[in-house]
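Values in this text are rule-based calculations from the coordinates and carry no lab data. Predicted, not measured: the structure shown is a model, and the values here were computed from it. Reconstructed Cβ throughout: ideal geometry from the backbone, glycine too, with neighbour counts over all protein chains shown.
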Amino acid sequence: MSRFVRQSKVRHLFGTGDKKENTYTHLRLSSATGDGQYIKANSKYFAVSYGSGGGGACAVIPFSLVGALPNGYPMIRGHKSAILDFDFSPFNDTILATASDDCTSKIWSIPDGGLKENMTEPLCVLDGHLRKVNFALFHPTAENVIATASADHTVKIWDAGVGGAEKVTLEGHTELVQDLKWSYDGSTLATSSKDKLMRLYDARAPEAYAQCKPHEGSKCFKVCFLGNTGNLVTVGFTRQSKRQFKIWDSRNLDKCIKTQDLDQASGVIMPHFDESNNVLYLAGKGDGNIRYFEISDKSDNCFSISEYRSSTSQKGVCFLPKRNLNILKCEVQRALKLTSNTVESVSFTIPRKSDRFQPDLFPDCYAGVPAMTADEYFGGKNANPPLVSLDPAKGGKVSAGAANTKKARMSYIQIESELKKAQARIAELEAEVAKLKA
């Protein structure tokens, strides 16, 4: 009897924890809790909220500083209360945004090589929320555009390049916002809320253009877009508190594409999608494992690959840019796992016999350069992110997104403009017809 084996380039994907001597230790993390992931990283640094001293502190640690963090290490100390979230600019490794319990979000410029002394003066202050700011998230393609979410049930969109000008306030949330994510080209902002609703916005318009109730459970659920497919995944709980994830078409939220139940654990799961290999990584708070699933090209099916297991539970997890990976050893992802007082590296590899560059595992990826300015974005433009080749022989050549298979989605401003033109043309034609009949 023959046995069918599903073809997959990621079937043998596995995770490996780094050596103890490469771990970042003796971290005194903040005791403030929230719905964020507690750790973020770019190609040079990782950031964690720190608990020493008064007010709010954020440690920005270069990857070279392995081992115990020295006493008195300089930090960002410009907030009056605890820092609840932070995000690095996708276009500049030295720019960091912080969100705080003091009702403000601030933009900081990190000196080359890391902080040499405590930093208290930000580049600009995003001051407009009435209660604590729980999230800060930079736009993936437009320079200086950032979204913040607050306990005042609002999401604000800012232009950080002109002194922190507030551009739009997104309306409709009746409860606490628990997550927000930009789509691949930044045309859509998805939010999850304590009222159990997921809302989709064109962030230049205050009202959501679509919403649905993804999960029946009352606990926090998270959102993640599946690359440039137009689909997204939500990870939450059933009414019986079982963890599950669902895949949705962002153009039609009436019915989910796929539902996958996971287990009965209580930790909120943080999703991450690798669009290069169609792999969804799921890391639960309080779990010691990281699961990974292969998502089909049409997102109508998923296949469990395996999971990375560890005896140490994680408080938060983030993934590094593709530019940080060991390409010639077929490392396709690298995660930083935050525990109670350490940061550990986890490498995900697909073994190949050849030591040459593998183009099927490493197609052109996010280049980390803006596709448009903030003025262009707020004027209604959308654009796919520029891509870069990871092939060492091509020397990091950046393309203008020509390798993207889908065009950037039209914004609602552009759609409204096209509709007005069409209506005007229809009126002209109707007038001409009326004249001919007369």
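Zone of ASN301 (label point 7 Å along Cα→Cβ, backbone N under 20 Å): which residues in region 243-259?
It comes to 245-249, 256-259, nothing else.
Could you compute the longest span of the chain free of chymotrypsin sites (Phe, Trp or Tyr not before Pro) located in DSSP loops and having at most 14 other Cβ atoms within 10 Å, not counting the site residues? Don't jump to the answer; show the numbers that get you there.
Details: sites that count: PHE4, TYR209.
Value returned for the longest uninterrupted segment is 210-438.
For region 6-51, what is the Kirkwood hydrodynamic radius in Å, using each pair of distinct C-alpha atoms?
14.2
Hey, fewest Cβ within 10 Å first, where do HIS129, HIS26 land in order?
Going from least to most buried by this count: HIS26, HIS129.
Tabulate in residue order the Karplus-calculated ³J(HN,Hα) for region 35-41, using 6.51 cos²θ - 1.76 cosθ + 1.60 with θ = phi - 60°, rounded to whole Hz; enter x for Gly and Pro.
Listing the rounded values in order: 9, x, 9, 6, 8, 9, 8 Hz.
Suppose the chain between GLU166 and ARG352 were pulled fully straight at 0.36 nm per residue; how much longer would it get relative to their current alpha carbon spacing?
62.0 nm is the gain from fully extending GLU166 to ARG352.
Toward the positive end of the charge dipole of region 23-273, about the Cα centre and with charges on Cβ (Lys, Arg +1; Asp, Glu -1), which of VAL168, THR141, HIS272 goes farthest?
Checked the options; the winner is HIS272.
Once both labels are modelled 7 Å past Cα along the beta-carbon direction, what's the LYS116-CYS256 spacing in nm?
Result: 5.2 nm between the two label points.
Reachable lysines from LYS196, Cα under 18 Å, same-chain residues fewer than 8 places away excluded?
Excluding near neighbours in sequence, the set is LYS181, LYS213, LYS219, LYS222, LYS242, LYS246, LYS255.
Residue by residue through region 82-94, what is 3J(HN,Hα) from phi via Karplus (6.51 cos²θ - 1.76 cosθ + 1.60, θ = phi - 60°)? Round to whole Hz and write x for glycine and proline.
With the stated coefficients, region 82-94 comes to 4, 8, 9, 7, 7, 7, 7, 5, x, 10, 9, 5, 9 Hz.
Could you go through region 221-228 in sequence order and give the Karplus-derived ³J(HN,Hα) for each residue, using 6.51 cos²θ - 1.76 cosθ + 1.60 with θ = phi - 60°, rounded to whole Hz, and x for Gly and Pro?
Computed from phi, the couplings for region 221-228 are 10, 10, 10, 7, 7, 9, x, 9 Hz.
Could you let me know the centre-to-centre spacing of region 310-326 and region 247-291, using Cα atoms, in angstrom?
16
Between THR174 and LYS9, what length comes free when the chain is fully extended (0.36 nm per residue of separation minus the Cα-Cα distance, one decimal in nm)?
55.0 nm
Positive end of the charge dipole of region 212-308 (Lys, Arg +1 and Asp, Glu -1 on Cβ, about the Cα centre): tell me which of SER296, PRO214, GLN244 has its Cα farthest that way.
The residue sitting farthest along the positive end of the dipole is PRO214.
Tell me which lysines have Cα within less than 19 Å of LYS9's Cα, excluding those fewer than 8 residues away on the same chain?
The reachable lysines, counting only those whose Cα sits under 19 Å from LYS9, are LYS298, LYS322, LYS329, LYS353.
Placing +1 at every Lys and Arg Cβ and -1 at every Asp and Glu Cβ, with all other atoms neutral, what dipole size does the chain have around its Cα centre, in debye to the nearest 20?
Dipole about the Cα centre, nearest 20: 1240 debye.
Relative to the present Cα-Cα distance, how much length would full extension add between SER218 and ALA205 at 0.36 nm per residue of separation?
Result: 1.8 nm gained on full extension.
Could you tell me how far the Cα centroid of region 373-391 sits from the Cα centroid of region 172-196, in Å?
Using only Cα atoms, the two centres lie 21 Å from each other.
Could you list the GluC sites (Glu not before Pro) in region 87-172 that lie in coil according to DSSP, counting only those with at most 12 other Cβ atoms within 10 Å of their Cβ?
When the GluC sites (Glu not before Pro) of region 87-172 are filtered for loop state and at most 12 Cβ neighbours within 10 Å, GLU117 remain.
Based on the mean of other beta carbon atoms within 10 Å per residue, what is the order of 30-37, 429-436, most packed first?
The packing order, highest mean first, is 30-37, 429-436.
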